[in-house]
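Read-outs: derived from the displayed coordinates by stated rules, not from any lab. On a predicted model such as this, the values are computed, not experimentally measured, just so you know. Using ideal geometry, Cβ is built from the backbone for each residue, glycine included, and neighbour counts are taken over all protein chains shown.
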Amino acid sequence: MLSVPILDLNKKEVGSLDVPEEIFKAEVRPDIMQGVVRWQLACRRAGTVATKTKGLVRGGGKKPFKQKGTGEARQGSSRSPLMPGGGTAFGPQPRDYSYTLPRQMKKAGLKTALSYLMAEGRLWVVDSLKSDGKTKSLHTSLKKFGVEKTLLVDDATNTNLKRAALNLEKFKFVAVQGLNVFDLLKYDSCIVSKAAVNTLLERLGENHVS
C-alpha cells in the first residue's frame, strides 16, 4: 500500500490514507498512454467531411457536346470529375473513426497516467471539494492552493463545483466516473477529493482505501 497525504485547500496536510500501489505507483508506460489518447481522439472525431460526387452535383443532365466531330474526348455529362464544376472522384465521405480498445488497456492507461502525475508531484488528494457554486470563492481557494491549469475531480453529484468551475478558463471539473487519460495529461496538475478516490478504485477494480 502507498500512504498518500490528505490536504485541505490551503495545501496543509490534515491526514493520510493508504491506497493500492497498482493505482498511484504503477510503472509509467508512455506507449499505453499514447494508445489510449489516440483512441479517445479518434472516438471524438465528427467524421462529417464530405465531397459531392458527379451524381450529387446539380445539373449535368444534357450532353455537353455531340459525340463525334469536335476533336474533343467524348463526354456524357458536364458534371463529370473531368469537367470544370464537376463532381469529385474518390473524395472523402462521412465515416466513423472510432474503434474498440480492450478494457484492460483503458484501465492500464488510467493507472499509468495517475501514477505519472503522482510521481511528478502534480496530483493531490484533498479532504473535500465542497463549493457554494460561486466562481470567485472557488478561484480564491485554488489561488491559496497555488495551482494553475488544473483538473478538479469529484463525484458527479457535486453540481456546485461544476457550476463554479465553468467560468475558470484554466480549470476543469471532471466527474470521477468520467476521468480519462487525455484530460489528466492535458492539464498541469490534478486535485481529487478523498470521496472520489473510493469511486475511482471501484471503477478500476481495486479495494477501498483505508
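Among the trypsin sites (Lys or Arg not before Pro) in segment 52-87, those located in a DSSP loop and surrounded by at most 12 other Cβ atoms within 10 Å of their own Cβ are Arg58, Lys62, Lys66, Lys68, Arg74.
Where [x] 1.60; [y] 1.29; [z] 0.92 are the candidate values, the label of the one calculated here for Cα Rg over 2.2 N^0.38 Å is [x]. Could you give the size of the charge dipole of the chain about its Cα centre, using +1 on the Cβ of each K and R and -1 on the Cβ of each D and E, expressed in debye and rounded to the nearest 20? So the magnitude is around 2000 debye. The C-alpha atoms of the chain define a longest principal axis, and helix 135-145 lies at about 60 degrees to it.
When the helices of the chain are scored as -39500 (n - 2.57) per DSSP H run of n ≥ 4 and the total is divided over every residue, the value at 222 nm lands at -10000 deg cm²/dmol.
May I ask for the longest run of the chain untouched by chymotrypsin sites (Phe, Trp or Tyr not before Pro) that are loop-located per DSSP and have at most 14 neighbouring C-beta atoms (other than their own) within 10 Å? So the longest stretch without any such site is 100-210. Tell me the net charge near Lys144. Cut-off is 12 Å between Cβ atoms, Lys144 excluded, with +1 for each Lys or Arg and -1 for each Asp or Glu. Around Lys144, the surrounding residues sum to +2. For Lys68, a cut-off of 25 angstrom between C-alpha atoms picks up these lysines, skipping any fewer than 8 places away in its own chain: Lys54. For Ser115, what charge total do you get from the other residues with a beta carbon under 11 Å from its beta carbon, if Lys and Arg give +1 and Asp and Glu give -1? Spelling it out: positives minus negatives among the neighbours equals -1.
Relative to the longest principal axis of the Cα atoms of the chain, helix 103-119 runs at roughly 50 degrees. What net charge do the residues around Ser131 carry, taking every other residue with its C-beta under 10 Å from that of Ser131, with Lys and Arg at +1 and Asp and Glu at -1? Net charge in that neighbourhood comes out at +2.
Sparsely packed loop sites in segment 7-102 (the GluC sites (Glu not before Pro) outside DSSP H, G, I, E and B with at most 16 other Cβ atoms within 10 Å) comprise Glu27, Glu72. DSSP assigns beta bridges within the chain; of those with both partners inside it, close to 30 percent run antiparallel. Using a cut-off of 30 Å between Cα atoms, the listed pairs Lys107/Lys144; Lys106/Lys134; Lys106/Lys162; Lys106/Lys136 include Lys107/Lys144; Lys106/Lys134; Lys106/Lys136 as exceeding that distance.
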